[in-house]
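Single-structure report; data block below.
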Ligand code: SF4
Ligand code: SF4
């Protein structure tokens, strides 16, 4: 932690002398990927204010089927807090159900009152004005039978609300694994076919079945999965888009095959590589009960599959992360999550290598470290990496 903080501080000092407006997209995204939202906003405060003097960016933030954990994560991001971040980026959070005061007012079955008191009227006015980014948190049920009626708010299905909001949006940012891929709401179950939960542009890892495709709407979409999404991933992506450093036409190069910014979800890097318990893994020393200090692989850690920068960025103001706090990574950023990580707290590769149990192999010859490396290799072969 100390090392990381010192490294980041030095980097920020170096960046102080760099004109970020002249940085090309690639350099900018590298910088954004390395430092946290707080350092980013502090370092570029003057330039951001200059660049944004004329431009206010409107955000409409909608909630589908979800727990509001991603909004909580963002609101808990105290460094900077959400108000400071949005103020610096000149963002007008025009609509957000959890933090706005507006609420639907009904009288004898009819909507009454003005936009100040009525969320539906406010939303319609915002749609008409256009020129906004749409943030979606939560998944969208398509069921039953394509009606979307498993989620109705104010007598309107969320499927229809998303369609109306997306039509005039400049781009859509799907925050959290539910909005990106369906997440926990789309987990395999007896009712999954009936509820038919979708992400904005994907249904699990299928990009032909996102809700926008279902509605016949084409829009640029950025996915920021995570359960919840990291505040830095959200704020820095918004910052990059708003400042024009991540242009919509650049998205294909900046995003991976699942629509995630590669800078935060690196295709060639996993959480495992920077885990504070990695030394134990390499020595083949594993915890078999929770509460220990060794590698959590045998307790079902899925970090060797998880493409995210949690190990470098850490959470809660860079203080800790799942494995550091003793919880095996469940690869919450994966398009197939949670099914792709099930069973959550069970070692995945206990079938061993070439039919032999890894514990047996360890006793016979190669030693635990080599076994760990072999398991890793088998995993990579299995995933075609
Ligand atoms: S398997 Fe999990 S706990 Fe073990 S080193 Fe990798 S990330 Fe850390
Ligand atoms: S460490 Fe794993 S489970 Fe934890 S936030 Fe990162 S990807 Fe998700």
- What's the exposure ranking of 161, 237, 27, going from fewest to most Cβ atoms within 10 Å? 27, 161, 237
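Cα gyration tensor of segment 199-333, axes a ≥ b ≥ c as square roots of the eigenvalues: rounded (a/c below 1.5), prolate (a/b > b/c) or oblate?
Values: a/c = 2.68, a/b = 1.93, b/c = 1.39.
Prolate shape, in that a/c is at least 1.5 and a/b is the bigger ratio.
Based on the Cα coordinates of segment 260-314, what is the per residue volume of their convex hull in Å³?
In segment 260-314, the Cα convex hull volume per residue is 79 Å³.
Calculated FRET efficiency, residue 189 and residue 72, Cβ-Cβ r, R0 25 Å, to nearest 0.05?
Numbers: r = 25 Å, r/R0 = 1.00.
The formula returns an efficiency of 0.50 here.
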- Query: When a footprinting reagent is the concern and you count Cβ atoms within 10 Å, what order do 260, 278, 198, 313 take, fewest first?
  - Reply: 278, 313, 260, 198
- Message: If you average the C-alpha positions of segment 197-237 and of segment 133-161 separately, how far apart do those two centres end up, in angstrom?
- Response: 14 Å
- Mean Cβ count within 10 Å, highest first, over the residues of peptides 128-134, 333-339: 333-339, 128-134
- Query: By count of other Cβ within 10 Å, fewest leading, how are 288, 34 ordered?
  - Reply: 288, 34
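Just so you know, all these numbers are worked out from the coordinates, no wet-lab data involved. Being a predicted model, the structure only gives us computed values, none of them experimental. Please note: Cβ atoms are built from the backbone with ideal geometry, for glycine as well, and neighbour counts cover all protein chains shown.
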